[in-house]
């Protein structure tokens, strides 16, 4: 798998991948999420490609205090090949190069397989409660 920065021609393939991975939920509009990401650190929005097209994605962010990971996805038929670990290493390096000391991410507590994946690559439970406030009406 080759990792590169997202480009606008990738949009349809990326959204299809996110849908296949169950990452698209009613309160998140993937097209708007991509538009927002392209305005802030677009160099941290990565895709992984192989002969089957786009098979992995990750959105990284750094706001000056903590790094964040969103939309990590690996095509189900391409999982267990090291692609998730590879694209995470690529985004972690880019975030670190910006001066970031720590990366945070959120995983639904019911998603035990993803929690195990992150634990295997060095992420641990910080024993905090994730809180959120929606600033935009979901339609």
Residues that are within 16 Å of residue 83 (Cβ to Cβ) and either surrounded by fewer than 15 Cβ atoms within 10 Å (Cβ to Cβ) or modelled with pLDDT under 95 (or both), drawn from region 22-55: 23, 50, 51, 52, 53
Scope region 59-83; condition within 12 Å of the chain's Cα centre (by Cα) and more than 16 Å from residue 106 (Cα to Cα); matching residues: 74
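Could you tell me which of the residues 76, 101 is surrounded by fewer than 15 Cβ atoms within 10 Å (Cβ to Cβ) and touching a helix residue (DSSP H, G or I) at 6+ places or on another chain (Cβ under 8 Å)? It would help to see each step written out before you state the result.
Working: 101 fails: touching a helix residue (DSSP H, G or I) at 6+ places or on another chain (Cβ under 8 Å).
The conditions single out 76.
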Residue count, region 15-30 (criterion: out of contact with any helix residue (DSSP H, G or I) (no Cβ under 7 Å at 6 or more places or on another chain) and part of a helix (DSSP H, G or I)): 3
Residue match in region 66-79 (condition: under 19 Å from residue 28 (Cβ atoms) and without any contact (Cβ under 8 Å) to a residue 12 or more places away in the chain): no
Residues being surrounded by 10 or more Cβ atoms within 10 Å (Cβ to Cβ) and either touching a strand residue (DSSP E or B) at 6+ places or on another chain (Cβ under 6 Å) or over 16 Å from residue 73 (Cβ atoms) (or both) - total across region 106-115: 1
Checking residue 94 against (1) assigned to a helix (DSSP H, G or I); (2) modelled with pLDDT under 95; (3) in contact with a helix residue (DSSP H, G or I) (Cβ under 7 Å, 6 or more places away or on another chain), the condition it does not meet: (2)
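The values are calculated or read from the model by the stated rules, or taken from the named source; none is laboratory data. All values reported here derive from a predicted model rather than from experimental measurement. Ideal geometry is used to build each Cβ from the backbone, glycine not excepted, and the neighbour counts take in all protein chains shown.
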